[in-house]
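Undergrad: This is the structure I want to talk about, given as structure tokens.
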Amino acid sequence: MLRFEKEINFIKNHFGNKDFTPLHEPCFSGNEKKYVLETIDSTFVSSVGKFVDLFEDKIKAYTGAKHAIAVVNGTSALHMSLLLAGVERNDLVITQSLSFVATCNAISYLGAEPAFVDVDTKTLGLSVEALEDFLTEVELKNGKPFHIPTGKKIGACVPMHTFGFPVEIDKIIQLCEVFHIPVIEDAAESLGSTYNEKHTGTFGLFGTYSFNGNKTITCGGGGIIVTNDDKLGLLAKHITTQAKIPHRWEYKHDYIGYNYRCPNLNAALACAQIEQLEDFILKKRNTSKVYNEYFNSNENIEFIIEPDNSRSNYWLNSILLKSKEDRDQFLTETNDNGVMTRPVWGLLNKNIMFEKCYKKSLVNSEWIESRLVNIPSSVIL
């Protein structure tokens, strides 16, 4: 008998007892085909078309952000946000090692380096206490923050709302404001999550979302930059469309631009998806309640619930095992028996590209890395 046979059967039964239960599959139950066919019939399938603007308007209306700029993916959204926040070559960018690699890749595109700070065990995101400790090593020179041990300027802070669980973003911003450090929220996984009844992604100078195929809503790829800064919002839209000066036929440009504008084809899919977002979140939160009730009586497995003052979209439901050995056995048994599960990402500071980057104690990150497993979290119709 398998050690985790009961858990495997429970998950299979909840998701319809299929031969294979994926971790998170997209759900296309609305106007997706209608809108996509409309773009094909119109012939406007690239970055010009009504659905790109409509998608931005829908994100603004949903999140309350003043500006939303649709781009090709979440990584490009981070890249542009860091660039517009003023991050320069050789800067340090404060972030967490417990994150998807895109966070640090975007930092590296600018020639900057991540500085790794520990996460909180309740939010799984950047720890306020660890950040406060890191900032004791920072001083202001001519109004700019410098990291004393490395001598490098700090360009930004990028906390991530891991698996849809909001970090204590207000406290993070408050700490960073003392040192004039702009905060960019990596909200790739947390569209629809709120902290103190305000949407994640709308607290910092910029917020970024992803619409990859495994996200709560998807358009195949796609990303969004949101900001409440009027000047930066307009500039973000400008430079992500190759910085072309508007004209009926002339091609003149005034910045180094980027071909990051979201195609109309993808935006059409996104518009249909966002129409169903609240229903998706409701269903995902119902699944989290079922999981929580089931695992609540299990002494060997802890189900992770949303932090205080938060509403999580529960993008990926997560559990903690007692040890790395238990985690590995759970992963083996579930995946061998038709239930897709995965461990949390390996800590980014352990990758060869980032192993020499500055880091503080990562005791919480290391503890979580050795025990956390994501379990199936698809929307059930």
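Computed from the coordinates by the stated procedures, all read-outs in this text should not be read as laboratory data. These numbers come from a predicted model, not from an experiment. So basically every Cβ, Gly included, is an ideal-geometry build from the backbone, and we count neighbours across all protein chains shown.
Undergrad: Per residue, what volume in Å³ does the Cα convex hull of the chain take up? Could you put the intermediate results ahead of the total?
TA: On the way: hull volume 53.1 nm³, N = 381.
In the chain, the Cα convex hull volume per residue is 139 Å³.
Undergrad: Straight-line reach from residue 50: which lysines have a Cα under 26 Å away, not including same-chain ones fewer than 8 places off?
TA: Straight-line reach from residue 50, under 26 Å: 33, 34, 58, 60, 66, 215, 231, 237, 244, 252.
Undergrad: Okay, helix-only estimate at 222 nm for the chain: each DSSP H run of n ≥ 4 adds -39500 (n - 2.57), divide by all residues, round to 500 deg cm²/dmol; what do you get?
TA: Values: 12 runs with 132 residues, N = 381.
That calculation yields -10500 deg cm²/dmol at 222 nm.
Undergrad: I've got another one for you. How would you rank 44-54, 23-33, 245-255, highest first, on the average number of other Cβ atoms within 10 Å across their residues?
TA: Numbers: 44-54: 18.3, 23-33: 16.7, 245-255: 8.6.
For the peptides 44-54, 23-33, 245-255, the packing ranking is 44-54, 23-33, 245-255.
Undergrad: With θ set to phi - 60°, apply the Karplus curve 6.51 cos²θ - 1.76 cosθ + 1.60 along region 221-227 and write out the HN-Hα couplings as whole Hz, x wherever there is a Gly or Pro.
TA: x, x, x, 9, 9, 10, 7
Undergrad: A further question follows. For a quick check of your reading of the filter: which trypsin sites (Lys or Arg not before Pro) in region 285-381 sit in a DSSP loop and have no more than 15 other Cβ atoms within 10 Å? Let's see the in-between values first.
TA: Details: sites: 285, 289, 311, 322, 324, 327, 350, 356, 359, 360, 371; in loops: 322, 356, 360, 371.
Counting only loop positions with at most 15 other Cβ atoms within 10 Å, the trypsin sites (Lys or Arg not before Pro) in region 285-381 are 322, 356.
Undergrad: Okay, moving on. Neighbour counts of other C-beta atoms within 10 Å: give me 283, 141 arranged from fewest to most. Walk me through the intermediate numbers first.
TA: Working: 283 17, 141 8.
Fewest-to-most Cβ neighbours within 10 Å comes out as 141, 283.
Undergrad: Suppose the chain between residue 381 and residue 46 were pulled fully straight at 0.36 nm per residue; how much longer would it get relative to their current alpha carbon spacing? All intermediate terms of the calculation are to be shown ahead of the outcome.
TA: Details: separation 335, 0.36 × 335 = 120.60 nm, distance 3.15 nm.
My answer for the length gained is 117.5 nm.
Undergrad: Quote the FRET efficiency, to the nearest 0.05, computed for residue 178 versus residue 242 with a Förster distance R0 of 35 Å and r equal to the Cβ-Cβ distance.
TA: Details: r = 38 Å, r/R0 = 1.07.
In this case the efficiency is close to 0.40.
Undergrad: Still on this structure: For 87, 101, which order do you get if you count the other beta carbons within 10 Å of each Cβ and list the fewest first? Write out the running numbers ahead of the final one.
TA: Values: 87 25, 101 15.
Ascending Cβ contact count within 10 Å gives the list 101, 87.
Undergrad: Follow-up question, since we're still on this one. Can you give the percent of C-alpha pairs in region 224-350 whose distance is more than 20 Å? Walk me through the numbers before you get to the answer.
TA: Values: 5431 of 8001 pairs.
The share of Cα pairs beyond 20 Å in region 224-350 comes to 68 percent.
Undergrad: Taking +1 at the Cβ of each Lys and Arg and -1 at the Cβ of each Asp and Glu, which of 178, 108, 329 sits farthest along the dipole of the chain towards its positive end, judged by Cα position relative to the Cα centre?
TA: 108
Undergrad: Shifting gears a bit: Sort 271-279, 187-195 for me by packing, meaning the mean count of neighbouring Cβ atoms within 10 Å per residue, highest on top. Numbers along the way, then the final one.
TA: Values: 271-279: 19.0, 187-195: 26.7.
Taking the mean over residues of other Cβ atoms within 10 Å, the ranking is 187-195, 271-279.
Undergrad: Rounded to the nearest Å, what's the spacing between the alpha carbon centres of region 25-42 and region 143-214? Just the number, please.
TA: Between the Cα centres of region 25-42 and region 143-214 lies a distance of 33 Å.
Undergrad: Counting Lys and Arg as +1 and Asp and Glu as -1, each charge on the Cβ, what is the dipole of region 19-165 about the Cα centre in debye, to the nearest 20?
TA: Values: 12 positive and 18 negative charges, 96 e Å.
Computed charge dipole of region 19-165: roughly 460 debye.
Undergrad: Among the DSSP beta bridges whose two residues both lie in the chain, what percent are antiparallel, rounded to the nearest 5?
TA: Values: 32 of 49 bridges.
Among the beta bridges of the chain, antiparallel pairing accounts for roughly 65 percent.
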